[in-house]
1. Can you find a residue that is under 14 Å from the mean Cα position of the chain (by Cα), within 30 Å of residue 135 (Cβ to Cβ) and surrounded by 20 or more Cβ atoms within 10 Å (Cβ to Cβ) anywhere in segment 61-69?
2. Looking only at segment 82-126, count every residue that is open to solvent by 60 Å² or more (accessible area, probe 1.4 Å), without any contact (Cβ under 8 Å) to a residue 60 or more places away in the chain and assigned to a helix (DSSP H, G or I) and tell me the total.
3. Does residue 76 count as touching a Ser or Thr at 6+ places or on another chain (Cβ under 9 Å), open to solvent by 10 Å² or more (accessible area, probe 1.4 Å) and outside any loop (DSSP other than H, G, I, E, B)?
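The values are calculated or read from the model by the stated rules, or taken from the named source; none is laboratory data. The structure displayed is predicted, hence computed values, not measured ones. Backbone-built Cβ (ideal geometry, glycine too); neighbour counts: all protein chains shown. Surface areas here come from the heavy atoms of the whole protein model, side chains and all, with no ligands, DNA or RNA. Shrake-Rupley method; radii C 1.70, N 1.55, O 1.52, S 1.80 Å.
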Amino acid sequence: LVDAVYVLFNIVWQIVDGRDFIYAVNINYAINLLIYFSQLYLGICYYRYLFYVITRKEQKSPAIYIPAVVLGLLVVFSLKTKCFFYIDNSNNYVFGKFYFLFTVLSYIYFVFIVAVSLVKWKLSSNPNTRKRAAISSSLIIPPLIFSLIQIFVPALTGQRVDKLFPLIIMVFLNMINTISSSLTSLFSSSLIITPLPFTSVKPNNALFFFI
């Protein structure tokens, strides 16, 4: 749901950005705030999901929300300082001077899960657990590459999809696992990605997401 909302906000932003109509700048600011906030929550979802995949324990500590809350306040503060982003007089979204700092800090959940993955990979003797940990830690690579491209190639600011890649991969693996499990139990003992207790991913939901 969060990734779908994130995509929806980006679609609305693409429609609004650079257009001239009543309250256009205010709406553009509001949409971008929602994009930033949903991006932060995507990091939390990513962390909780892979934490469970790796440790088979659900992460319920309120402390995991602290980095997102702090960054969220900095984003709101950016409305005045324009440090992360601002909307110019032509209603165009523009990177702020310290946008790269937000990008770096927003990866804190990715760093957390890589740390958990490496510890689990190092300490566990179970090959399936080590496989899950290795793959989970490698999911940081695609979004990191796209974030670097967005920082150094400002023309691509309209394609803010970097944080979606881990979730796209997880949904895809869930779809494959669901289909394969219904056909054979061959891979059931070594599933890389499994649904959280509080979530469920079905092939038709994954198909809708990709569409």
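1. Checked against the condition, which is being under 14 Å from the mean Cα position of the chain (by Cα), within 30 Å of residue 135 (Cβ to Cβ) and surrounded by 20 or more Cβ atoms within 10 Å (Cβ to Cβ), segment 61-69 yields at least one hit.
2. 10
3. Values: touching a Ser or Thr at 6+ places or on another chain (Cβ under 9 Å): no; open to solvent by 10 Å² or more (accessible area, probe 1.4 Å): yes; outside any loop (DSSP other than H, G, I, E, B): yes.
Judged against the criteria, residue 76 is not a match.
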